[in-house]
Amino acid sequence: MSRQGEEDRHPFLEGLSKHRGAVPTVMVIFGASGDLTARKLVPAIFNLAVDNLLPGDFHLIGYGRKAIEDRAFRASMDAAIEEFSRRDLDKEIWGRVRDHMTYHAGGYDDASAFAELAKKIQQIETALGRGVQRLFYISTPPGVFEPIIENLGSSGLAATHAGTNLATKVIIEKPFGRDLGSARALNASINQVFQESQVYRIDHYLGKETVQDLLVQRFANSIFEPLWNREYVNNVQITVAESIGVGSRGGYYDSSGALRDMIQNHTMQLVALTAMEPPVSLDPESIRDEKVKVLKAIQPLSLESKNGDVVRGRYSGGLVDGRPADRYLDAEGIPPDSSTETYAALRLSINNWRWKGVPFYIRSGKRMAKRVSEIAIQFKRPPGILFSEGSRFDLAPNTMVIQIQPDEGVTLVMNSKVPGLETRTQPVKMHFRYATTFGSNTPEAYERLILDAMVGDSTLFIRGDETEASWKLVTPVLECWKEAGVDGLDEYSSGSWGPDSSDQLLAEKGHQWRNSG
Ligand code: BG6
């Protein structure tokens, strides 16, 4: 049998220099016995090993509160790869990482456990006869982010090897704060210990291929960018819809809700990349400067219950994929007096030269009609002089749809003549599909993000001011909803496209959701 890595080496890897300059690295995952480590992080590390993108000297330390033997930890990670990796477990390749993988039990506020961790890393350096880069991945519940950061500082682990390229970096999972105040406080704690250049705030949507492709579609083609403004665009619709409910995550989800869980981070990142000005170069700071600028240009939202800019909903029972689905209030861990939204839609106005007057509608929800994330740019209609809409002329607005997932691709909606002896028109679609053009085994978001953090490329991570700009927009909404309780929380059937009030949000300006087909 040929080697797996060679056999299905993705075109993505062609021309990518091996290891991309990564130096000997010790990666520590805080929250190692958690779900994310098993589902995403360790499978991503395995796939990086398959693609030969890990440094020769790569050591992985799982850190968690539970006492687990090294052997048991390794076995559970083998099982995680078998269950969750996009490629089959290759024991030989994985063995090279596995042999250097250990588990360290300790509390997150326990200074002595951090001192022990420091000793362990020191021993690795002594055995290697050289220093290593340290990569700390914080994948714990947010309540312990700050103690971990403080302990990394006080134990000396956050320090870098002066005069070398052996950086120390910290990757922080979401949620980054609960509102503007807590995000600012978290940024302040981080900045006490780390320089901003050492900090990698995760938003896994930025690791998705299609999200990265947005910049290429916009700035590597000359046919779209001239139209990408208020002269030609009528409205923009960004949908991040899931068909799943909250499942067993009710405890977490009920303290979060759609606005915190999906809108503040993933959806706002899609807004920033869609609406930003061309950066002066592709370096991380130029891109992130433009994202922050456009986020800051979004006007505060009107929270009025009538004709306001925000809508929220909660799923009731219904049918999803033909199967009966229960209501949110019946899910595990949801208190009966919950007022948490499982759906949120916002109408954004971007007050800058490019977008003034073009509404950006964004929505995200659980238990919706189908799983689809897309960005739809709906263009203005041509003057209806020659073909005006009527029985013979079925016309749709030109729309460019960037399909983030699933069925990744780009679709252009245009109007065409129906073949025949009289002139009739019909909307038609031009499709580009990633799977057809490039094959379907593309790297997972976490592979790209871990690799980028390892080699020091922060383009696909959120800068401190960026997260604050986005929290600044949504915090008044959170406060208003908290005060209103269930008042204004509209029910929608599981398996639908959200509450009626979200259709109303668009109808006010003569628009309609593109309920993707
Ligand atoms: C996470 C949210 O950030 O993103 C989840 O906490 C959500 O609630 C998930 O299901 C969606 O991610 P993806 O990659 O499946 O679209």
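The values are calculated or read from the model by the stated rules, or taken from the named source; none is laboratory data. Since we're looking at a predicted model, the values are computed, not measured. FYI the Cβ positions are ideal-geometry reconstructions off the backbone, even for glycines, and counts take in every protein chain you see.
Criterion first (surrounded by fewer than 18 Cβ atoms within 10 Å (Cβ to Cβ) and small (Gly, Ala, Ser)) does Gly456 satisfy it? Walk me through it before giving the result.
Details: surrounded by fewer than 18 Cβ atoms within 10 Å (Cβ to Cβ): no; small (Gly, Ala, Ser): yes.
No: the conditions fail for Gly456.
Scan segment 375-399 residue by residue and report those that are in contact with a strand residue (DSSP E or B) (Cβ under 8 Å, 6 or more places away or on another chain) and either part of a loop (DSSP other than H, G, I, E, B) or closer than 17 Å to Ser496 by Cα (or both).
Selection gives Lys380, Arg381, Phe387, Arg392, Asp394, Leu395, Ala396, Pro397, Asn398.
So if I check each of Gln403, Gln378, which one is within 16 Å of the ligand (Cβ to nearest atom) and closer than 17 Å to Val428 by Cα?
Matching residue, one of Gln403, Gln378: Gln403.
Looking only at segment 389-423, which residues are surrounded by fewer than 18 Cβ atoms within 10 Å (Cβ to Cβ) and within 22 Å of the chain's Cα centre (by Cα)?
Listed by number, the residues that qualify are Gln405, Pro406, Asp407.
Inside segment 184-217, can you point out the residues that are in contact with a helix residue (DSSP H, G or I) (Cβ under 8 Å, 6 or more places away or on another chain), assigned to a helix (DSSP H, G or I) and within 16 Å of the ligand (Cβ to nearest atom)?
Scanning segment 184-217 gives His204, Tyr205, Leu206, Gly207, Glu209, Thr210, Val211, Gln212, Leu214.
Can you find a residue in segment 231-245 that is in contact with a Ser or Thr (Cβ under 6 Å, 6 or more places away or on another chain), within 23 Å of Ser502 (Cβ to Cβ), near the ligand (Cβ under 10 Å from one of its atoms) and among the small types (Gly, Ala, Ser)?
No, that holds for no residue.
Given the structure, is Ala331 crowded, with 18+ Cβ neighbours inside 10 Å, more than 24 Å from Thr467 (Cβ to Cβ) and not aromatic (Phe, Trp, Tyr)?
So Ala331 fits the description; yes.
Would segment 53-66 turn up any residue that is among the small types (Gly, Ala, Ser), modelled with pLDDT under 95 and part of a helix (DSSP H, G or I)?
no
If you go through segment 247-270 one residue at a time, do you hit one that is away from the ligand (no atom under 16 Å from the Cβ) and within 18 Å of the chain's Cα centre (by Cα)?
From segment 247-270, those away from the ligand (no atom under 16 Å from the Cβ) are none; that's our starting set.
No, because not a single residue in segment 247-270 is away from the ligand (no atom under 16 Å from the Cβ) and within 18 Å of the chain's Cα centre (by Cα).
Looking only at segment 218-249, how many residues end up being in contact with a Lys or Arg (Cβ under 7 Å, 6 or more places away or on another chain) and assigned to a helix (DSSP H, G or I)?
1
Limited to segment 73-126, what total is found for residues that are touching a residue at least 60 places away in the same chain (Cβ under 8 Å), of a type in the set (A, V, I, L, M, F, W, C) and closer than 20 Å to Phe30 by Cβ?
Selection size over segment 73-126: 3.
I'd like the full set of residues that are loosely packed, with under 12 Cβ neighbours inside 10 Å and either in contact (Cβ under 8 Å) with a residue 12 or more places away in the chain or closer than 18 Å to His511 by Cβ (or both), limited to segment 307-326.
Here is the first cut: in segment 307-326, the residues loosely packed, with under 12 Cβ neighbours inside 10 Å are 307, 321-324.
The answer is Asn307, Asp321.
Does segment 292-299 contain at least one residue that is in a loop (DSSP other than H, G, I, E, B), more than 18 Å from Lys472 (Cβ to Cβ), free of Cβ contacts under 8 Å to residues at least 60 places away in the same chain and away from the ligand (no atom under 16 Å from the Cβ)?
No, that holds for no residue.
Of the residues Gly207, Gly163, Gly156, only one is at pLDDT below 95, surrounded by 21 or more Cβ atoms within 10 Å (Cβ to Cβ) and not charged (D, E, K, R); which? Write out each step before concluding.
Working: Gly163 fails: surrounded by 21 or more Cβ atoms within 10 Å (Cβ to Cβ); Gly156 fails: surrounded by 21 or more Cβ atoms within 10 Å (Cβ to Cβ).
Answer to the check: Gly207.
Please name all residue pairs, on different chains or six or more residues apart, with Cβ atoms under 9 Å, provided the first residue is in segment 398-410 and is over 12 Å from Glu209 (Cα atoms) and the second residue is within 16 Å of the ligand (Cβ to nearest atom) and part of a loop (DSSP other than H, G, I, E, B).
Val401/Ser516
What about Asn151, is it crowded, with 20+ Cβ neighbours inside 10 Å and either more than 18 Å from the chain's Cα centre (by Cα) or of a type in the set (Gly, Ala, Ser) (or both)?
Values: crowded, with 20+ Cβ neighbours inside 10 Å: yes; either more than 18 Å from the chain's Cα centre (by Cα) or of a type in the set (Gly, Ala, Ser) (or both): yes.
Here the answer is yes, as Asn151 does meet what is asked.
Looking at Leu282, is it out of contact with any Asp or Glu (no Cβ under 8 Å at 6 or more places or on another chain) and either away from the ligand (no atom under 12 Å from the Cβ) or on the phi < 0 side of the Ramachandran plot (or both)?
Yes.
Looking at Gly207, Gly156, Gly143, can you tell me which residue is under 18 Å from Ile29 (Cβ atoms) and free of Cβ contacts under 8 Å to residues at least 40 places away in the same chain?
Gly143
Given the conditions (1) touching a Pro at 6+ places or on another chain (Cβ under 7 Å); (2) without any contact (Cβ under 8 Å) to a residue 40 or more places away in the chain, and given that Pro382 satisfies all but one, which numbered condition is not satisfied?
Condition (1) is where Pro382 drops out.
Based on what the data block shows, is Val271 among the β-branched types (Val, Ile, Thr) and more than 20 Å from Asp487 (Cβ to Cβ)?
Considered against the rule, which asks whether it is among the β-branched types (Val, Ile, Thr) and more than 20 Å from Asp487 (Cβ to Cβ), Val271 comes out as yes.
Having 1 or more residues that are at pLDDT below 95 and more than 26 Å from Tyr315 (Cβ to Cβ) is the bar; report the helices (runs of 4 or more DSSP H) wholly within segment 415-513 that clear it.
Values: elements: 434-438, 445-455, 464-484, 500-507.
Filter on segment 415-513 gives 434-438, 445-455.
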